[in-house]
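Read-outs throughout are calculated quantities, based only on the coordinates presented, and are distinct from any laboratory measurement. Note that the structure is predicted; figures quoted are calculated from it, not measured. In this analysis, Cβ positions are derived from the backbone assuming ideal geometry, glycine residues included, and neighbour counts consider all displayed protein chains.
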Amino acid sequence: MQLISTEETSRRSGLDTSGARERLPVMDNETMRTTNDYDVIVCGGGPAGVAAAIKTAETGARTLLVERLAAVGGMATGAFVSAWMDTPGGPVTEDLWCRLRRRGLAHLDYDPASHREPGRVRYHGESLKPLSLRALRDAGAEILLCTVAESAAVEDGVVSGVYVVNKAGRTLLRAAVVIDATADADIAWSAGAGYEQGDPDDGRLQHVNFRYVIEGVDRDRYKREKPADDLLVKWLQQAHKEGFLHPPTGVFSPAPELFPYHPPQAVLILESWEIEGVNPCDPVQVSRTLVEAQLAAQEVVDFCREHLPGFEQACVGRLPEALGTRESRRVKGEYTLTGDDVMAGRTFPDGITRAHFFIDFHDSPPGTTIPYSPEFKRANRPPDGASYEIPYRFLLPQNISGLLVAGRSISCDRRAQASLRVMPTCMFIGAAAGIAAAISVAEGISPAQVNPEHIREKIMTQ
């Protein structure tokens, strides 16, 4: 790693920072290309990646977490998905829950008619960013933000590192083991792993979410003085007719014709919109959706300021750093977890995590979507008191060595993914992947040679 002084950087850029004595690290591509830099590189700093990096680093393995955004947390922090669903989350989830709770930044919701234990954790997403960073630092992990894990370096079928892209250019970082926690199997895909995506009949994908925050609202006043629905509908119809409101392409909920009003539930949906027809692996679709949704957010706020009591001083408070995504690539492994496995609460000799969330689709017709009744949830999850297990072999892509997959993109069918995609399960899988990578490094063996029982005894008993 080459160091350039602040003074030299300033001289080159024409800035005057006389008296500054800090030194700024700059990546030296040639050095990084010839050095086996890390024991483990974790690609993606969402729930699965954070858990994987923590569990690897705490063993003493030199671990690097690479994240494309300016903070870790993924969907939990960047897309404002501020709830962990009612299913086990493993040791890292428990640790983060404790860090949040003792600061008064999280609470537990439990409705026995609808939820399984441990209930749903509601947390302050912005605070989860630094608390996750602290957990990573406490474990000894190194963190590289604002950096895209672009692709795998593959030699004779073995992943030997990752190409990353950032302000220093394109750099090869080498590692003994790479964990793909990108949520979209980006690294596995780049290495040539087989995968499936979408519904097997028509290719449809679950809806994405755009969530943002409106500030400056007197919500108590709005509740007292809110207009009648028929008047609200009249205003919205006029706003659409005059071209004042432009719903994002593919908006599914709220209904596009009266956006942002949703007639099936007779409610205004102001800060969370479900959008169909967006492939998270297509940057053009993702960018278009983000642009249109951000523009629509301002239009909605302007409409509310003009028509709704209590919104006179409203403004867009925060916009997300990413879309909330539910489904993309699923790698092909030696075995595929199925929806039938989920429903049966099936266990496996190499099971390394457990889960019991229901099969939860946010789908367009002919699929199903929310809201779901408690009866539906009970009928589409493991039997009461039972959980299904996720075997270690589901984390191993076919015909590729040196690589583990963690999170929703493991080897599973679409029905199974609709259950295991939730954040606690992704963190549980990530923790297991991190333990497996640490064992692989310590014993000098490939991830495929790791004894699943050694992972199980370190994670399933906690």
Worksheet item: Which entries in LYS167/LYS458; LYS226/LYS377; LYS129/LYS241; LYS241/LYS377; LYS129/LYS167 show an alpha-carbon gap greater than 31 Å?
Response: LYS167/LYS458; LYS226/LYS377; LYS129/LYS241; LYS241/LYS377
Discussion item. Only counting other Cβ atoms within 10 Å, I'd like TRP273, TRP235 sorted with the fewest neighbours first.
Written reply: TRP235, TRP273
Practice prompt. Provide MET460, MET75, MET85, MET427 in ascending order of the number of other Cβ atoms located within 10 Å of each residue's Cβ, fewest first.
Written response: MET460, MET85, MET75, MET427
Worksheet, complete the sentence: So the FRET efficiency between ALA255 and GLU155, C-beta based with R0 = 56 Å and rounded to 0.05, is 0.60
Worksheet, complete the sentence: To the nearest 10 degrees, the tilt of helix 90-101 (Cα long axis) against the first principal axis of the alpha carbons of the chain is 50
Worksheet item: What is the extension gain from THR368 to HIS307, computed as 0.36 nm multiplied by their sequence separation minus the C-alpha to C-alpha distance, in nm to one decimal?
Response: 18.6 nm
Discussion item. Let me check the size of segment 108-183 from its C-alpha atoms; what are the radius of gyration and Dmax in Å?
Written reply: 18.4, 53
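Please find the FRET efficiency linking GLN449 to ALA386, where r is the Cβ-Cβ separation and R0 is fixed at 30 Å, and quote it to the nearest 0.05. Mind dumping the intermediate values first?
Details: r = 31 Å, r/R0 = 1.04.
Approximately 0.45, to the nearest 0.05.
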Practice prompt. List the relative contact order of segment 208-318 as a percent without decimals, with contacts defined as Cα pairs under 8 Å and 6+ residues apart.
Written response: 42
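With both bridge residues required to lie in the chain, what share of the DSSP beta bridges run antiparallel, to the nearest 5%? Display every interim value, and only then the final one.
On the way: 43 of 60 bridges.
Looking only at bridges with both residues in the chain, the antiparallel portion is about 70 percent.
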Item to complete: Can you quote the Å³ per residue value for the convex hull of the Cα atoms in the chain, rounded to an integer?
Response: 174
Discussion item. Using a 7 Å offset from the Cα along the Cα-to-Cβ direction at both GLU196 and GLU334, what is the distance between the two label points in nm, to one decimal?
Written reply: 1.9
Discussion item. If you fit an axis through the alpha-carbon atoms of helix 283-307 and take the longest principal axis of the Cα set of the chain, what angle between them do you get, 0 to 90°, nearest 10?
Written reply: 30
Item to complete: Please identify which residues in segment 374-403 have an amide N closer than 18 Å to a label point set 7 Å out from the Cα of ALA113, following the Cα→Cβ vector.
Response: 374-380
Worksheet item: Got a sec? Charge dipole of the chain, +1 on Cβ for Lys and Arg, -1 for Asp and Glu; which of ILE359, THR336, PHE311 is way out at the positive end?
Response: PHE311
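Give the peptides 330-336, 353-359 in descending order of average Cβ contacts within 10 Å, highest first.
Working: 330-336: 19.6, 353-359: 24.0.
Peptide ranking by packing, descending: 353-359, 330-336.
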Worksheet item: Under 26 Å from the Cα of LYS223, which lysines turn up, not counting those fewer than eight places away in the same chain?
Response: LYS234
Worksheet item: For the residues LEU145, LEU395, what sequence is obtained by ranking on other C-beta atoms within 10 Å, fewest first?
Response: LEU145, LEU395
Worksheet item: Got a sec? Which residues in segment 185-216 would a label at ASN399 touch, if it sits 7 Å along Cα→Cβ and we count backbone N under 12 Å?
Response: 192-195
Worksheet item: Roughly how many whole Å is it from the C-alpha centroid of segment 369-390 to that of segment 411-457?
Response: 23
Response to the item:
Longest principal axis of the chain (C-alpha) makes with the long axis of helix 47-57 (C-alpha) an angle, in degrees to the nearest 10, of 20
Worksheet entry | Extension gain, VAL291 back to CYS98 (0.36 nm per residue minus Cα-Cα distance, nm) | 65.8 nm
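Sort largest first and round to whole Å: the equivalent ellipsoid semi-axes of segment 208-318, each the square root of five times a Cα gyration tensor eigenvalue.
Working: eigenvalues 118, 48, 29 Å².
Result for segment 208-318: semi-axes of 24, 15, 12 Å.
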Item to complete: Grab the DSSP H runs of the chain that are 4 residues or longer, score each as -39,500 (n - 2.57), total them, divide by all residues and round the 222 nm result to the nearest 500 deg cm²/dmol.
Response: -10000 deg cm²/dmol
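How long is the gain from VAL233 to LEU105 if the chain were fully straight, where each residue apart is worth 0.36 nm and the alpha carbon distance is subtracted? Working shown, then result.
Values: separation 128, 0.36 × 128 = 46.08 nm, distance 3.75 nm.
Contour length minus the Cα-Cα distance gives 42.3 nm.
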Worksheet, complete the sentence: The size of the Cβ-based charge dipole (Lys, Arg +1; Asp, Glu -1) of segment 208-318 about the Cα centre, to the nearest 20 debye, is 180
